[in-house]
Amino acid sequence: MKGLIIAAWLALAGLLLAVDGAAPDFSLKSLTGKTVKLSDYKGKVVVLNFWASWCPPCRREIPDFVKVHQAYRGEGVEFIGIAIDEKIEDIKKIVEQNRVEYPIVLGDEKVQSLYGGINAVPTTFFVNQEGRIIRKKIGAMNQEELEEIIKSLLKKGTGSVK
């Protein structure tokens with residue numbers, strides 16, 4: 001119970017952590033049936049967003065993710081949404097409502113475990129061009145926050161943590 005209370009508090013507070021470790025590779029099916037592997041995006045900045053259709057903060061941040069994806073996809077930035085829902089219909093409904101163009105994959109316990117255990121959604125990881133996790137944000141993000149981190153990673157080239 002204590003762990004859930006802490007996770008809920010962190011999600012509400014919107015904790016942004018600097019981390020520096022290799023992003024675990026994964027192979028997950030997208031809503032369209034395509035296999036998506038993180039390793040296919042090496043050389044790009046990748047925004048990994050763990051979310052769920054039943055999560056109000058997740059649903060609130062998706063329009064900003066869509067805007068930022070559209071603005072930066074031509075600059076070597078890719079987004080991957082990792083939905084942890086059990087009902088694919090609910091995921092598809094939100095994706096269609098928000099006109100999400102980046103891949104949405106169906107997350108599982110294994111990928112959640114690889115990323116340290118996802119105890120709260122939304123949780124977003126920022127992976128640099130070398131495949132290293134540079135930032136982790138627990139809680140909803142807005143357009144300004146996303147752009148600030150992405151610009152920083154693009155400007156540094158390697159996106160290394162100072």
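Laboratory data are not the source of any read-out in this text; all were calculated from the coordinates shown. The structure displayed is predicted, hence computed values, not measured ones. Here the Cβ is made from the backbone with ideal geometry for all residues, glycine too, and neighbour counts use every protein chain on show.
Structural remarks
- Residue that is nearest to the chain's Cα centre (by Cα) [pool: residues in the stretch 106-148 that are crowded, with 20+ Cβ neighbours inside 10 Å and of a type in the set (K, R)]: K137
- Residue identified as touching a residue at least 12 places away in the same chain (Cβ under 8 Å), touching a Gly at 6+ places or on another chain (Cβ under 8 Å), surrounded by 13 or more Cβ atoms within 10 Å (Cβ to Cβ) and assigned to a helix (DSSP H, G or I) among P57, P63: P57
- Some residue of the stretch 107-118 being of a type in the set (A, V, I, L, M), free of Cβ contacts under 8 Å to residues at least 24 places away in the same chain and closer than 18 Å to A23 by Cβ: no
- Output for the stretch 67-100, where each listed residue is over 12 Å from the mean Cα position of the chain (by Cα), assigned to a loop (DSSP other than H, G, I, E, B) and within 17 Å of L28 (Cα to Cα): D85, E86, K87
- G33 farther than 24 Å from I134 by Cα and assigned to a loop (DSSP other than H, G, I, E, B): yes
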